[in-house]
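Student: Before I ask anything, here is the structure I am working with.
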Amino acid sequence: MEIRTGISKIKVNKKDNKVSGYAIKWDSWSQALCDDQGKTFYERFRQGAFLESLKNRNQKALYKHDSNYLLGAVRDSTFTIREDEIGLYFTLILPDDELGNIIHTEVKEGNLKHASISFLVDLEGEERKLVSNTLYRTIKKAKLIEISLVNHPAYLDSIVLDGDRKKNIKLLHQIDKALSKSNTQKLINKINDTLQRYKGSE
C-alpha cells in the first residue's frame, strides 16, 4: 500500500460539522517523493483512476493516516467520495467527539487545510518515464484505501474547507489555473526576450 504523507460505528455530530475538499486533482504533479530505496520520483493521477475502486464503498477517512483516528467511513454514510472533472472530491461529517471538534476548529481556522490518500496501484495501472534519472509516474488505475486530513501533503493543491464548499473550491481552482497560465506565459515571454537579446549580441 502506498500512502501520500475494521470500520467501527461512528457517532455523527448533531451539529453537522462537515468538511469537504479535493484529495487529488487530475494531472497535477506531486511534490518530490522518495521510494523505498531513497530515489526521487514524481507522480500524478489521471481522471478515472479510482472509478472502479469507489464502487466497493469501503474507504475510510482518517487523521494523518492513523487508523486509531477514524473520522468517517463511506459505509456509514458519514463520508462521500466522487470523481468529477477537477479531481477526487469528498465530504466528511466529523464525529461528535473531542477529536472531531478539534479537527473542525482547525479546518475553520485554516490550520488544517490539506488532504492525502493511501492507495494500491493496479497491475499495469501506471505509466513510468525516466528523465535525467528521475522517475515520473502517471497513475491510471488504483484502489483507494483512505483519505486523510493532513498538514503536509504530497499534493500541495489538495484542499480542505469547512462545510460543503464545492462551488468555492471550483472557483479557487479556476483562479489557480488562470494564475498558472499567466505565470507560464510570463516565463515564455522571459525566455523569448532572453533569446532575442542573445541573438542581438551575436
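The values are calculated or read from the model by the stated rules, or taken from the named source; none is laboratory data. This one's a predicted model, so the numbers in the text were calculated from it and none came from an experiment. Methodologically, a virtual Cβ is constructed for each residue, glycine included, from the backbone with ideal geometry; neighbour enumeration extends over all protein chains shown.
Student: Here are some conditions: (1) more than 19 Å from ASN17 (Cα to Cα); (2) modelled with pLDDT of 95 or more. LEU92 meets all but one. Which one does it not meet?
Tutor: Only one criterion is unmet by LEU92, namely (1).
Student: Return yes when LYS60 is in the same structural domain as GLU126 (by TED's automatic domain parsing), of a type outside the set (Asp, Glu) and modelled with pLDDT of 95 or more and no when it is not.
Tutor: Yes.
Student: Give me the residue from the stretch 54-73 that is touching a Phe, Trp or Tyr at 6+ places or on another chain (Cβ under 8 Å) and buried (at least 17 other Cβ atoms within 10 Å of the Cβ) and, out of that set, nearest to GLY125 (Cα to Cα).
Tutor: GLN59
Student: Right, something else. Is one or more of the residues making up the stretch 96-114 under 19 Å from the mean Cα position of the chain (by Cα), of a type in the set (A, V, I, L, M) and surrounded by fewer than 19 Cβ atoms within 10 Å (Cβ to Cβ)?
Tutor: Taking every residue of the stretch 96-114 in turn, none turns out to be under 19 Å from the mean Cα position of the chain (by Cα), of a type in the set (A, V, I, L, M) and surrounded by fewer than 19 Cβ atoms within 10 Å (Cβ to Cβ).
Student: Moving on to the next point. Picking from LEU161, LEU130, which residue would you name as being part of a strand (DSSP E or B), within 15 Å of ASN17 (Cα to Cα) and at pLDDT below 95?
Tutor: LEU161
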